[in-house]
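Asks: Got a structure for you, questions after.
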Amino acid sequence: MRKEFLPSLLLTVLCILFFSGFYPLLMWGVAQLAPNKGEGFVVSQNDKVYYKNIAQNFTGDKYFWPRPSAVAYNAAGSGGSNKGPSNPDYLASVEARIDTFLVHNQGVKRSEISSDMVTASGSGLDPDISVASAMLQVQRVAHARQISAEDVKQIVNKVKQGPLLSIFGPGKVNVLELNIKLDQIKQ
């Protein structure tokens with residue numbers, strides 16, 4: 001018994017020290033190398049505080065819409081729906097999102113809708129949409145704000161970000177940043 005007990009006790013003590021001491025310090029050190037030192041990107045607008053790296057729920061026609069969220073944009077409990085692509089409930093919710101998008105975006109064809117406008121991300125909190133999804137919403141936002149579509153496109157082009165290191169992944173648009181820029185326009 002002594003032969004098994006001491007090694008297991010030693011392993012337990014080592015794991016406690018590693019996972020409650022060394023590993024958190026290592027992760028904190030890595031975060032210090034990240035932009036904003038791992039603290040998130042805080043944006044203040046009209047005496048409200050938003051986090052640029054967490055999706056916000058915008059539903060009005062004068063705003064660009066984010067990706068749908070499986071967690072109702074609640075940052076305290078991120079997660080996906082865990083429903084597969086052939087699940088009838090999942091397919092029904094995607095169809096409902098497509099129908100809603102088409103009602104609010106006149107002139108957009110069903111085949112033009114990007115998947116990121118009707119499917120939730122894995123975390124349910126993705127703050128970005130594709131550039132194509134943003135461009136699909138330009139006419140609706142311009143009409144609702146009574147400004148030209150070209151002016152709205154210029155704002156989208158100012159806010160859009162290219163692929164990571166110019167080669168990894170697609171371009172994207174941060175929805176919060178875009179909507180704040182639109183709200184700053186004097187009409």
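The values are calculated or read from the model by the stated rules, or taken from the named source; none is laboratory data. The shown structure was predicted, so the numbers you read here are calculated from the model rather than taken from an experiment. Here Cβ is always computed from backbone atoms with ideal geometry, including for glycine, and neighbour counts include all displayed protein chains.
Asks: Please indicate, with yes or no, whether at least one residue in the stretch 90-98 is β-branched (V, I, T), out of contact with any Ser or Thr (no Cβ under 7 Å at 6 or more places or on another chain) and more than 20 Å from I180 (Cα to Cα).
Replies: yes
Asks: Could you say whether any residue in the stretch 74-95 is closer than 27 Å to V49 by Cα and crowded, with 17+ Cβ neighbours inside 10 Å?
Replies: Yes, there is a match, as at least one residue in the stretch 74-95 is closer than 27 Å to V49 by Cα and crowded, with 17+ Cβ neighbours inside 10 Å.
Asks: Here's another thing I want to ask about it. Name the single residue, out of those in the stretch 154-167 being surrounded by 15 or more Cβ atoms within 10 Å (Cβ to Cβ) and out of contact with any Asp or Glu (no Cβ under 6 Å at 6 or more places or on another chain), that is nearest to I185 (Cα to Cα).
Replies: Within the stretch 154-167, the match that is nearest to I185 (Cα to Cα) is I155.
Asks: Follow-up question, since we're still on this one. Scan the stretch 114-134 and give yes if some residue there is in a loop (DSSP other than H, G, I, E, B) and acidic (D, E), otherwise no.
Replies: Looking through the stretch 114-134, at least one residue is in a loop (DSSP other than H, G, I, E, B) and acidic (D, E).
Asks: Starting from the stretch 138-151, keep only residues that are in the same structural domain as Y63 (by TED's automatic domain parsing), then list their pairs with residues that are among the acidic types (D, E) whose Cβ atoms are within a distance under 8 Å, requiring at least 6 positions of separation or different chains.
Replies: R140/D61; V141/D61; A142/D151; H143/D61; A144/D61
Asks: Turning to a different aspect of this structure: Just to verify a result, which residue in the stretch 94-113, among those that are in contact with a Lys or Arg (Cβ under 8 Å, 6 or more places away or on another chain) and in a helix (DSSP H, G or I), is farthest from M135 (Cα to Cα)?
Replies: Among residues in the stretch 94-113 that are in contact with a Lys or Arg (Cβ under 8 Å, 6 or more places away or on another chain) and in a helix (DSSP H, G or I), the one farthest from M135 (Cα to Cα) is I98.
Asks: Any idea which residue in the stretch 142-175 is nearest to the chain's Cα centre (by Cα), counting only those that are more than 30 Å from G77 (Cβ to Cβ) and among the β-branched types (V, I, T)?
Replies: Ranking the candidates gives V156 first.
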